[in-house]
Amino acid sequence: MTSQPQHIYPDPLVNSETAPYWQACQAGTLQLKRCNACGQTHFYPRAVCPFCLSGDTVWFTASGLGRVYAFSVMRRAEPPYAIAYVTLDEGVTLMTHIVDCAFDGIAIGQRVALAFRQSAGGQAVPVFRPQARLSAEALVGSLS
Amino acid sequence: MSRPCKAYIAGAFEHPTRKAVDKTVPQLHAEVALGALRDAGLESCDVDGYFCAGDAPGLGGLSMAEYMGLNLRHIDTTETGGSSYIAHVGHAVDAIAAGRCSVALITLAGRPRAEGMSSVGARDYGRGAPDVAFEQPYSPLITNLYAMAAQRHMHEHGTTSEQLAAIKVAASHHAQHNERAMLREVVTVEDVVNSPLVADPLHRLDCCVVSDGGGALVLVSPEKAREIGPRCVKVLGQGTAIKHLSAGRVDLTHTGAVTSGPLAFADARLIPADIDYVSIYDSFTITVLMTLEDLGFCAKGQGGRFVSDGNLISGVGRLPFNTDGGGLCNNHPGNRGGMTKVIEAVRQLRGEAHPRVQVRDCTLALAHGTGGSIGTRMGSATVILGRNDA
Ligand SMILES: [Zn+2]
């Protein structure tokens with residue numbers, strides 16, 4: 001299994017707006033932002049609410065559960081990877097990867113759960129895997 | 001009947017090159033400017049308004065105005081990706097109507113092919129872009145972003161790869177008559193769906209070409225158009241829009257054409273059924289299908305059925321499109337296809353398209369541009385054009 005080429009995740013940009021998000025990932029949680037002024041949750045997280053421009057936005061921990069909204073397997077990459085938009089149970093949709101499954105088994109609407117991959121520089125990057133227990137067959141398929 | 005019109009397209013020029021090894025980008029801008037001005041019977045000293053977008057190097061419009069020696073009263077460097085040049089047509093109409101200029105020049109040029117920039121590579125919009133931290137770790141490319149829109153459209157509406165392929169087939173039927181087209185071979189639905197998958201569900205032949213070159217347009221006031229003559233084409237209506245990720249309320253199956261299309265039709269006091277010919281931005285087959293739906297040429301979700309059976313082929317179907325072969329077969333200069341969409345529409349309205357693809361009695365045409373990435377972060381611009389006597 002270790003001989004398989006792994007997708008290399010570029011290091012994410014960390015700045016004053018994004019640092020708390022990436023620190024939380026390092027601690028194994030996915031953080032979202034909600035606005036105290038209007039109550040709306042948004043993604044990607046910002047210092048300023050995109051619904052009302054209030055600066056009173058606060059972090060909270062997401063459930064880490066959601067559904068595949070759309071996906072595409074990048075066949076031209078070596079190794080191929082499955083980019084996706086996942087709609088979290090909190091109502092926002094984020095860009096991610098679907099991992100730990102056979103590409104042919106990914107489906108729109110599928111339940112997925114939070115996982116992490118290490119970036120080139122060691123930062124934990126949120127990805128998602130099918131929520132159901134993996135079958136041995138699916139594990140084998142993910143290597144092909 | 002004579003429809004009201006605030007400005008005319010008097011000159012249009014498409015650079016003949018498809019690979020510009022020994023030319024610079026500013027040089028290409030100047031060459032297309034000269035071509036469009038000659039086409040209009042004007043000179044560079046006549047230009048008093050200039051429009052360009054993100055492909056113009058240096059300080060953009062300032063650098064290009066200096067390079068070409070333009071003396072301007074008006075400048076507009078609106079940047080909405082590949083849709084920019086169609087937005088510029090609308091802005092030029094407004095500027096002319098407001099008396100801010102009387103001869104407006106719009107240019108586009110690029111050489112991604114000579115520079116080895118692939119259509120499937122990641123675009124670098126700079127580390128200052130606020131989305132970068134949350135997207136770049138996942139290697140979003142132009143291809144897989146459009147592919148996700150296609151996948152979602154298939155899921156919601158039952159659209160098939162064969163239906164998408166019919167769009168490439170139609171483009172190839174037109175490109176066979178264009179001696180400058182990069183892909184002149186007529187392809188079948190089977191050829192498209194059997195070509196290698198690039199990013200599911202998009203195949204290699206669902207993608208546009210990568211080419212160098214560019215194009216230019218010259219717009220003039222109605223007074224000047226009367227002097228220049230009947231090759232001038234009317235701009236009857238225009239609309240622009242943007243669409244983004246809406247703070248995480250993602251919707252990949254609608255484009256900005258939902259907004260820009262109705263604006264343009266209302267401006268022109270026309271409806272989709274009035275249109276004789278369409279130039280539709282075709283970075284990928286899915287771009288065309290979703291745009292046709294959102295412009296109202298068919299119901300949402302019916303695009304797959306609409307484009308099948310040769311309906312987009314000139315002389316065969318009910319809505320001839322991209323008769324130069326479009327970005328899918330002819331060229332896609334600078335990875336920005338908006339300019340060439342207007343140019344082929346102008347050819348059609350002048351009766352100067354290739355005789356094998358010329359739409360009979362072509363009176364009203366629509367050109368539409370898409371910029372950025374469809375459904376996610378995109379610009380959208382629609383113009384409706386009319387023959388001189390429309
Ligand atoms: Zn708010």
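Here are some notes:
- Estimated from the Cβ-Cβ distance and a Förster radius of 45 angstrom, the FRET efficiency linking B:Ser44 and B:His244 is about 0.75.
- If the chain linking B:Glu156 and B:Arg100 were pulled fully straight, counting 0.36 nm for each residue of separation and taking away their Cα-Cα distance, it would gain 15.5 nm.
- Length added when fully stretched, B:Arg127-B:Gln302, from 0.36 nm per residue minus Cα-Cα: 59.1 nm
- With the simple model of a label 7 Å out from the Cα in the direction of the Cβ, A:Glu17 to B:Val186 spans 5.3 nm.
- For region B:49-54, putting each phi into the Karplus relation 6.51 cos²θ - 1.76 cosθ + 1.60 with θ = phi - 60° gives couplings of x, 9, 10, 8, 10, x Hz, in residue order, rounded to whole numbers and with x for Gly and Pro.
- Cα gyration tensor, region B:155-257 - rounded (a/c under 1.5), prolate or oblate: oblate
- Once the gyration tensor of the Cα atoms in region B:84-197 is diagonalised, the equivalent ellipsoid follows with semi-axes of 31, 25, 17 Å, ordered largest first.
- For the residues of A:124-132, the average number of beta carbons from a partner chain within 10 Å of their own beta carbon is 1.
- A:Asp56 paired with B:Leu59, simple spin-label distance in nm, labels 7 Å along Cα-to-beta-carbon: 4.4 nm
- With K and R counted +1 and D and E -1, the other residues having a Cβ less than 11 Å from that of B:Gly41 yield a net charge of -1.
- Cβ-based exposure ranking for A:Trp22, A:Trp59, in which fewest neighbours within 10 Å come first: A:Trp59, A:Trp22
- Neighbours of A:Gly64, meaning other residues whose beta-carbon lies under 14 angstrom from its beta-carbon, give a summed charge of +1 when Lys and Arg score +1 and Asp and Glu score -1.
- Cβ-derived FRET efficiency at R0 51 Å, A:Arg111 paired with B:Glu352, nearest 0.05: 0.35
- In plain terms, the residue of B:Ser260, A:Ser16 with the fewest other Cβ atoms within 10 Å comes first and the most crowded comes last, giving A:Ser16, B:Ser260.
- Cross-link pairs beyond the 29 Å C-alpha cut-off, checked among B:Lys19/B:Lys234; B:Lys19/B:Lys168; B:Lys243/B:Lys341: B:Lys19/B:Lys234
- Local net charge near B:Gln358, Cβ-Cβ under 13 Å (Lys/Arg +1, Asp/Glu -1): 0
- Sequence-separation-based contact order of chain A, relative, with Cα cut under 8 Å and 6+ spacing, percent: 23 percent
- Part-to-part distance (alpha-carbon centres) for region B:27-100 and region B:217-276, which is given in Å: 18 Å
- Placing +1 on each Lys and Arg Cβ and -1 on each Asp and Glu Cβ, with no other charges, gives region A:3-144 a dipole about its Cα centre of roughly 120 debye.
- Translational diffusion coefficient (Stokes-Einstein; Kirkwood radius from C-alpha pairs) of chain B at 10 °C, 1.306 mPa s, in µm²/s: 78 µm²/s
- Relative contact order of chain B, defined on C-alpha pairs under 8 angstrom at six or more residues apart (%): 25 percent
- Label-point separation in nm, B:Lys19 to A:Ala27, each point 7 Å along Cα→Cβ: 5.5 nm
- FRET efficiency estimate (nearest 0.05) - Cβ-Cβ, B:Glu227 to A:Ala77, R0 45 angstrom: 0.20
- Chain lengthening between B:Asp251 and B:Arg360 when straightened (0.36 nm per residue, less Cα-Cα): 35.4 nm
Each value in this text was obtained by applying a stated rule to the coordinates, not by laboratory testing. Note that the coordinates shown come from a computational prediction; the quantities given were computed from them, not determined experimentally. Here the Cβ is made from the backbone with ideal geometry for all residues, glycine too, and neighbour counts use every protein chain on show.
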